[in-house]
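The values are calculated or read from the model by the stated rules, or taken from the named source; none is laboratory data. These numbers come from a predicted model, not from an experiment. Cβ: placed from backbone, ideal geometry, glycine included. Neighbour counts: every protein chain shown.
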Amino acid sequence: MDTVIIDDIQSPRDLSGLSYKQLERLASEIRSLLIETVSQTGGHLGSNLGMVEITIALHRVFSSPTDSLIFDTGHQAYTHKLLTGRQKEFHTLRQMGGLSGYPSRAESEHDLVENSHASTGLSYAMGMATARKLAGQPGHTVCVVGDGSLTGGMAFESLNNIGAARPNLVIVLNDNGRSYAPTVGGIARNLGQLRLSPAYAAAKEAASTSLRNIPLVGSQAYGTARRVKESLKQLVSPTSIFETLGLKYGGPIDGHDIASLERALRDAARIGGPVVVHVVTDKGHGYGPAIEDEIDKFHGVGAFDRESGRSVPKPASWTDLFGTMLEDLAEHDSRIVAITAAMASSTGLLGFAKRFPDRFFDVGIAEQHAVTFATALAMRGLRPVVCIYSTFLQRAFDQVVCDAALHRAPVLFVIDRAGVTGEDGASHHGMLDLAYLRCVPGMTVAAPSSPSEMEQMLKAGLSADGPFAIRFPRGTPATTDSEDTHGTPSQRSKPFAVPSCRLVREGDGPCILALGKMVLVAEEASSLLEEHGIHPAVVDARFAKPLAPELLRLASRGDLTVTIEDGTLSGGFGSAVAEALAAQPGRPHLLRLGLPDQFLRHGRQDLVLEQLQLTPAGVRDAVLAALRVAAGAPAPA
């Protein structure tokens with residue numbers, strides 16, 4: 001029986017003695033391990049299945065970490081983890097205390113940057129190549145870009161700068177034609193024109209023959225010959241965008257042929273200055289269900305059955321419900337348009353795109369453009385709905401401020417994955433949106449605690465006269481009764497005042513003000529406190545900005561007010577309440593519960609919240625401790 005090759009790979013050095021036949025077996029073993037692991041842990045599968053041979057070739061040609069390898073986006077680095085000594089831990093991928101789903105400096109010296117947001121890699125690479133030159137250090141800098149990252153504006157900014165500064169840098173373009181879904185934009189069409197076609201080769205030879213027959217001499221001959229050659233080349237293959245920017249370009253190369261990849265990478269490493277190696281891969285390569293998935297090629301998946309590729313059934317999520325609600329509202333209002341940044345499936349907009357193709361816009365991984373584009377649509381009387389994850393909207397903060405808000409444009413921001421998201425870790429927890437949106441003049445910030453509230457907020461946002469943000473978490477709502485999910489929009493909900501709040505539970509004890517998904521936590525904590533003879537009032541705040549006057553009235557009574565949020569305590573909802581109560585005489589003692597001022601590790605959402613004591617039991621204990629302090633008792637050690 002043949003040995004399992006991957007078991008003997010403890011570092012990239014172990015690849016050097018393998019034959020190409022053994023490398024093909026290794027690639028097959030890696031794919032099997034990727035499918036087996038991700039089917040249990042969830043993660044980014046399609047892009048990693050396409051990256052296997054590229055990663056093997058990179059570690060055969062270059063010597064990490066002496067040579068700097070950077071992956072953009074970082075979710076393409078699973079094979080890199082397996083080849084750099086983390087195979088035995090790979091089953092812990094994305095689990096609390098286990099391996100990150102992205103490069104992690106804490107895990108390995110081979111992981112240089114924790115770049116899980118797309119389009120940053122080229123800037124990192126240019127900086128590292130420049131620093132290497134200034135320090136006189138040997139070695140190469142290599143950046144793997146692709147899986148949609150070249151649709152982001154920052155990538156174009158860095159390419160322009162690289163072409164001008166000309167650092168020694170190898171850029172491996174993983175061209176799989178897709179990001180989360182089929183990649184959009186002009187650069188995708190440019191890359192689709194494969195330059196090593198028979199027509200190109202024939203034309204190149206014809207050009208050389210023609211040049212040999214031109215009876216000119218000296219510099220005039222050289223200039224004329226060069227222009228003729230370029231003109232003939234353009235007949236069959238337009239100059240790539242990289243050559244226009246001053247970068248050398250080679251390819252396309254079959255991204256699943258290790259020998260060809262190695263030859264191209266070695267050639268690129270010998271050339272001074274920036275070089276682009278264009279590699280064509282199949283996203284989902286080697287796994288039938290991923291190949292057949294025309295939507296996103298198993299880009300980001302939860303647990304699934306390995307044989308069939310079918311996902312483990314889950315109840316309707318906040319994202320699903322939002323998508324259905326928006327479709328229903330758009331059916332009755334032709335002004336509604338939806339915008340996403342390469343994440344139509346992940347933000348619940350696939351149904352909208354199918355029903356209203358002329359009113360759906362996927363701008364690629366270009367959040368800044370999405371917001372300013374939406375602002376202009378709003379200026380012309382449309383009702384744009386911009387659907388972006390909390391952590392990705394950070395990238396468009398300037399546009400939110402100086403375009404949407406400064407112009408008081410009625411742009412509705414639908415912020416998915418707000419709060420603790422779970423397994424994707426520090427860069428994907430939506431912990432900052434309450435703080436960074438609260439400081440924007442004229443912005444309204446809402447958080448529903450139930451599906452029916454979300455639809456009410458959607459209606460309010462679509463009729464607002466300025467920018468309006470609705471944030472909701474990853475996962476399934478705690479309440480999904482028939483009133484929330486069936487019937488027409490008018491039957492499901494009625495508009496409420498902006499701002500307003502809802503008294504969930506009467507009580508003569510502390511007043512607990514909760515926002516969004518924390519309302520249910522507050523209710524359950526209140527029941528636990530009643531076992532101690534304490535009867536809190538519980539209020540669903542609904543809005544972090546502006547605060548409802550009734551909320552502040554309720555917060556002012558009693559000796560203790562508690563705020564609960566799944567956002568950072570620095571500048572968030574609790575800070576808003578503290579600021580509002582600060583000017584009031586005899587204000588109550590305030591206990592603020594939320595996310596700490598630090599980046600949070602990856603792990604299942606409920607486990608992360610438990611660690612942070614943002615659970616009913618954790619809130620109960622915090623309130624009891626605060627009451628003891630308010631009564632003059634010493635705080636517990």
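Could you tell me whether region 75-90 includes any residue that is in contact (Cβ under 8 Å) with a residue 40 or more places away in the chain and β-branched (V, I, T)? Outline the logic, then answer.
So in region 75-90, the residues in contact (Cβ under 8 Å) with a residue 40 or more places away in the chain come out as 75-76, 78-79, 82-85, 87, 90.
Now drop any that are not β-branched (V, I, T), which leaves 79, 84.
Scanning region 75-90 turns up at least one residue that is in contact (Cβ under 8 Å) with a residue 40 or more places away in the chain and β-branched (V, I, T).
Does region 570-588 contain any residue that is without any contact (Cβ under 8 Å) to a residue 40 or more places away in the chain, touching a strand residue (DSSP E or B) at 6+ places or on another chain (Cβ under 6 Å) and closer than 25 Å to V445 by Cα? Step through it out loud before you land on a result.
First, pick out the residues of region 570-588 that are without any contact (Cβ under 8 Å) to a residue 40 or more places away in the chain: 574, 578-587.
Subset that is touching a strand residue (DSSP E or B) at 6+ places or on another chain (Cβ under 6 Å): 574, 578.
Remaining after also requiring closer than 25 Å to V445 by Cα: 574, 578.
Yes, region 570-588 contains at least one residue that is without any contact (Cβ under 8 Å) to a residue 40 or more places away in the chain, touching a strand residue (DSSP E or B) at 6+ places or on another chain (Cβ under 6 Å) and closer than 25 Å to V445 by Cα.
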Worksheet entry | Residue in region 276-287 that is surrounded by the most Cβ atoms within 10 Å (Cβ to Cβ), counting only those that are over 20 Å from A342 (Cβ atoms) and modelled with pLDDT of 75 or more | V279
Worksheet item: Looking at region 45-53, is at least one residue among the small types (G, A, S), more than 24 Å from H140 (Cα to Cα) and not in a helix (DSSP H, G or I)?
Response: no
Practice prompt. Tell me which of these Q40 doesn't satisfy, since it passes every other one: (1) in contact (Cβ under 8 Å) with a residue 60 or more places away in the chain; (2) surrounded by 21 or more Cβ atoms within 10 Å (Cβ to Cβ).
Written response: (2)
Item to complete: Tell me which of these M128 doesn't satisfy, since it passes every other one: (1) more than 20 Å from the chain's Cα centre (by Cα); (2) under 22 Å from G302 (Cα atoms).
Response: (2)
Fill in: Subset tally (residues that are surrounded by 21 or more Cβ atoms within 10 Å (Cβ to Cβ), in contact with a helix residue (DSSP H, G or I) (Cβ under 6 Å, 6 or more places away or on another chain) and not in a loop (DSSP other than H, G, I, E, B)) for region 338-357
3
Worksheet item: Which of the residues belonging to region 112-154 are of a type in the set (D, E, K, R), buried (at least 18 other Cβ atoms within 10 Å of the Cβ) and either on the phi < 0 side of the Ramachandran plot or not assigned by TED's automatic domain parsing to the domain that holds H59 (or both)?
Response: E114, R132
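Residue-wise test of (1) farther than 26 Å from P495 by Cα; (2) among the aromatic types (F, W, Y); (3) at pLDDT 95 or above; (4) assigned to a loop (DSSP other than H, G, I, E, B).
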{"residue": "L551", "(1), (2), (3), (4)": "no, no, yes, no"}
{"residue": "A555", "(1), (2), (3), (4)": "no, no, no, no"}
{"residue": "G558", "(1), (2), (3), (4)": "yes, no, no, yes"}
{"residue": "E565", "(1), (2), (3), (4)": "no, no, yes, no"}
{"residue": "R587", "(1), (2), (3), (4)": "yes, no, no, yes"}
{"residue": "R601", "(1), (2), (3), (4)": "yes, no, no, yes"}
{"residue": "Q613", "(1), (2), (3), (4)": "yes, no, yes, yes"}
{"residue": "V619", "(1), (2), (3), (4)": "yes, no, yes, no"}
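Does D333 meet the test of being closer than 25 Å to Q394 by Cβ, assigned by TED's automatic domain parsing to the domain that holds A396 and of a type in the set (D, E)? Please lay out each step first, then the result.
Values: closer than 25 Å to Q394 by Cβ: no; assigned by TED's automatic domain parsing to the domain that holds A396: yes; of a type in the set (D, E): yes.
No; evaluated as a whole, the condition is false for this residue.
What about F599, is it aromatic (F, W, Y), surrounded by 14 or more Cβ atoms within 10 Å (Cβ to Cβ) and in contact (Cβ under 8 Å) with a residue 60 or more places away in the chain?
Numbers: aromatic (F, W, Y): yes; surrounded by 14 or more Cβ atoms within 10 Å (Cβ to Cβ): no; in contact (Cβ under 8 Å) with a residue 60 or more places away in the chain: yes.
Judged against the criteria, F599 is not a match.
Scan the helices (runs of 4 or more DSSP H) fully inside region 393-485 and keep the ones with 2 or more residues being surrounded by 24 or more Cβ atoms within 10 Å (Cβ to Cβ) and in contact (Cβ under 8 Å) with a residue 24 or more places away in the chain.
Numbers: elements: 433-438, 451-462, 482-485.
Filter on region 393-485 gives 433-438, 451-462.
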Worksheet item: Within region 538-560, which residues are touching a Ser or Thr at 6+ places or on another chain (Cβ under 7 Å) and closer than 25 Å to R620 by Cβ?
Response: V538, D540, R542, A555
Worksheet item: Under 6 Å by Cβ, and 6 or more places apart or on different chains, what pairs join a residue from region 342-353 that is without any contact (Cβ under 8 Å) to a residue 24 or more places away in the chain with one that is crowded, with 23+ Cβ neighbours inside 10 Å?
Response: A353/A344
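Looking at region 579-596 only, could you name the residues that are surrounded by 14 or more Cβ atoms within 10 Å (Cβ to Cβ) and more than 23 Å from H429 (Cβ to Cβ)? It would help to see each step written out before you state the result.
Looking only at region 579-596, we keep the residues that are surrounded by 14 or more Cβ atoms within 10 Å (Cβ to Cβ), and these are 580-581, 587-595.
A580, L581, R587, P588, H589, L590, listed by residue number.
Hey, can you tell me all the residues within region 159-176 that are polar (S, T, N, Q) and buried (at least 24 other Cβ atoms within 10 Å of the Cβ)? Show your work before the answer.
Residues of region 159-176 polar (S, T, N, Q): 160-161, 168, 174, 176.
The answer is N174, N176.
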Worksheet item: Do you know which residues across region 521-543 are crowded, with 16+ Cβ neighbours inside 10 Å, touching a residue at least 24 places away in the same chain (Cβ under 8 Å) and more than 33 Å from the chain's Cα centre (by Cα)?
Response: L528, L529, I534, P536, A537, V538
Response to the item:
Reported set for region 248-275 where residues are within 27 Å of S28 (Cα to Cα), surrounded by 19 or more Cβ atoms within 10 Å (Cβ to Cβ) and either free of Cβ contacts under 8 Å to residues at least 24 places away in the same chain or of a type in the set (A, V, I, L, M) (or both) is I253, I258, L261, A264, L265, A268
Worksheet, complete the sentence: The helices (runs of 4 or more DSSP H) lying wholly within region 238-331 that contain at least 1 residues that are closer than 17 Å to L173 by Cβ are 241-244, 258-270
Practice prompt. Please state which of the following conditions F496 fails to meet, knowing it meets all the rest: (1) at pLDDT 95 or above; (2) farther than 19 Å from Q613 by Cα.
Written response: (1)
Worksheet entry | Failed criterion for S334 (all others in (1) outside any helix (DSSP H, G or I); (2) touching a Cys at 6+ places or on another chain (Cβ under 9 Å); (3) at pLDDT 95 or above hold) | (2)
Worksheet item: Going by the structure shown, is H80 under 20 Å from G98 (Cα atoms), in a helix (DSSP H, G or I) and assigned by TED's automatic domain parsing to the domain that holds L122?
Response: yes
